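The values are calculated or read from the model by the stated rules, or taken from the named source; none is laboratory data. A quick note: this is a predicted structure, and the numbers were derived from the prediction, not measured. FYI the Cβ positions are ideal-geometry reconstructions off the backbone, even for glycines, and counts take in every protein chain you see. SASA here: full protein model, heavy atoms, side chains in, ligands and nucleic acids out. Shrake-Rupley method; radii C 1.70, N 1.55, O 1.52, S 1.80 Å.
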Amino acid sequence: MSTAVIEPVARLIEAFSRLPGIGPKTAQRLTYHLLRAPDAEARALARALVSVRDEVVFCERCFNISDAPLCPICRDPGREDGRLCVVEEPLDVLAIERTGEFRGRYHVLHGAISPIDGIGPDRLRIRELLARADEAAAEGRPVEEVILATNPTLEGEATAMYLGERLDGKVRSVTLIRSFQGRRAL
């Protein structure tokens with residue numbers, strides 16, 4: 001960073017550039033946009049950032065984002081308990097919910113298996129998923145279907161295959177999603 005950039009500006013550019021998908025040029029554009037923005041806009045962004053850190057938690061059951069111990073989906077008595085959709089990230093829950101096609105429950109892994117990045121099954125919420133399946137079976141309400149909605153990447157496919165093997169015999173059916181209209185059995 002050039003010495004012509006003062007420290008607070010340099011720190012903000014550096015902070016933005018650490019965000020996923022934000023390169024140095026975009027970080028600079030965002031910083032300079034905030035410098036030109038009305039004071040209220042910049043302060044609203046700062047409050048929103050603090051609020052997210054202070055008020056948002058992960059659901060104790062499915063690990064989706066929430067403002068309470070259980071997320072709104074886990075609290076909803078109208079959801080189907082026998083269907084569980086496994087996704088990589090909370091944003092995937094939002095995308096599926098927008099379709100209006102799924103009325104079951106979710107489980108968010110918070111990533112995918114990626115040996116190159118040092119992410120093994122132990123770094124994801126897989127243990128909790130298997131425990132949910134075991135608990136449901138022990139309570140006499142086994143999970144009828146687990147839909148693996150991992151991303152269509154090498155890591156997502158590897159994660160789906162790993163989960164399919166681990167869930168075999170724990171749930172009645174494991175399907176791999178391509179779309180809710182055309183699922184295929186694993």
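Identify all residues within the range 106-120 that are under 18 Å from residue 176 (Cβ atoms) and over 12 Å from the mean Cα position of the chain (by Cα); write none if there are none.
Correct list: 113 only.
State all residues of the range 69-81 that are at pLDDT 95 or above and not in a loop (DSSP other than H, G, I, E, B); if no residue qualifies, say none.
Applying the first criterion (at pLDDT 95 or above) to the range 69-81 yields 69-80.
Of everything in the range 69-81, those that are at pLDDT 95 or above and not in a loop (DSSP other than H, G, I, E, B) turn out to be 72, 73, 74, 75, 80.
Do we find a residue being under 15 Å from the mean Cα position of the chain (by Cα) and touching a residue at least 40 places away in the same chain (Cβ under 8 Å) anywhere in the range 133-144?
Within the range 133-144, none of the residues are under 15 Å from the mean Cα position of the chain (by Cα) and touching a residue at least 40 places away in the same chain (Cβ under 8 Å).
Mind counting the residues in the range 145-161 that are closer than 24 Å to residue 81 by Cβ and either assigned to a helix (DSSP H, G or I) or free of Cβ contacts under 8 Å to residues at least 60 places away in the same chain (or both)?
Keep residues of the range 145-161 that are closer than 24 Å to residue 81 by Cβ, which gives 145-150, 159-160.
Narrowing the set further to residues that are either assigned to a helix (DSSP H, G or I) or free of Cβ contacts under 8 Å to residues at least 60 places away in the same chain (or both) leaves 159-160.
Summing the residues that are closer than 24 Å to residue 81 by Cβ and either assigned to a helix (DSSP H, G or I) or free of Cβ contacts under 8 Å to residues at least 60 places away in the same chain (or both) in the range 145-161 gives 2.
Give me a count of the residues in the range 74-95 that are in contact (Cβ under 8 Å) with a residue 40 or more places away in the chain and either more than 14 Å from the chain's Cα centre (by Cα) or surrounded by fewer than 18 Cβ atoms within 10 Å (Cβ to Cβ) (or both).
Going through the range 74-95 one residue at a time, the tally reaches 4.
Among the residues of the range 96-107, write down those that are open to solvent by 10 Å² or more (accessible area, probe 1.4 Å) and either aromatic (Phe, Trp, Tyr) or assigned to a strand (DSSP E or B) (or both).
If the condition is that a residue be open to solvent by 10 Å² or more (accessible area, probe 1.4 Å) and either aromatic (Phe, Trp, Tyr) or assigned to a strand (DSSP E or B) (or both), then 105 is the only one that fits.
Hey, can you tell me all the residues within the range 1-40 that are assigned to a helix (DSSP H, G or I) and open to solvent by 80 Å² or more (accessible area, probe 1.4 Å)?
7, 11, 14, 24, 25, 29, 32, 33, 35, 36, 39, listed by residue number.
Restricting to the range 49-68, count the residues that are open to solvent by less than 50 Å² (accessible area, probe 1.4 Å) and either assigned to a loop (DSSP other than H, G, I, E, B) or aliphatic (A, V, I, L, M) (or both).
Taking the range 49-68 as the starting set, the residues that turn out to be open to solvent by less than 50 Å² (accessible area, probe 1.4 Å) are 51, 59, 62-64, 66, 68.
In the following step, the residues that additionally are either assigned to a loop (DSSP other than H, G, I, E, B) or aliphatic (A, V, I, L, M) (or both) were identified as 59, 62-64, 68.
The qualifying residues number 5.
Scanning the range 108-117 for residues that are modelled with pLDDT of 95 or more and not in a strand (DSSP E or B), which turns out farthest from residue 64 (Cα to Cα)?
Taking the range 108-117 as the starting set, the residues that turn out to be modelled with pLDDT of 95 or more are 108-114.
From the residues that got through so far, the ones that are not in a strand (DSSP E or B) too are 109-113.
Values: 109: 9, 110: 9, 111: 12, 112: 15, 113: 18 Å.
If we take residues in the range 108-117 being modelled with pLDDT of 95 or more and not in a strand (DSSP E or B), then 113 is farthest from residue 64 (Cα to Cα).
Using the structure shown, decide if residue 140 is of a type in the set (Gly, Ala, Ser) and either at pLDDT below 95 or touching a strand residue (DSSP E or B) at 6+ places or on another chain (Cβ under 6 Å) (or both).
yes
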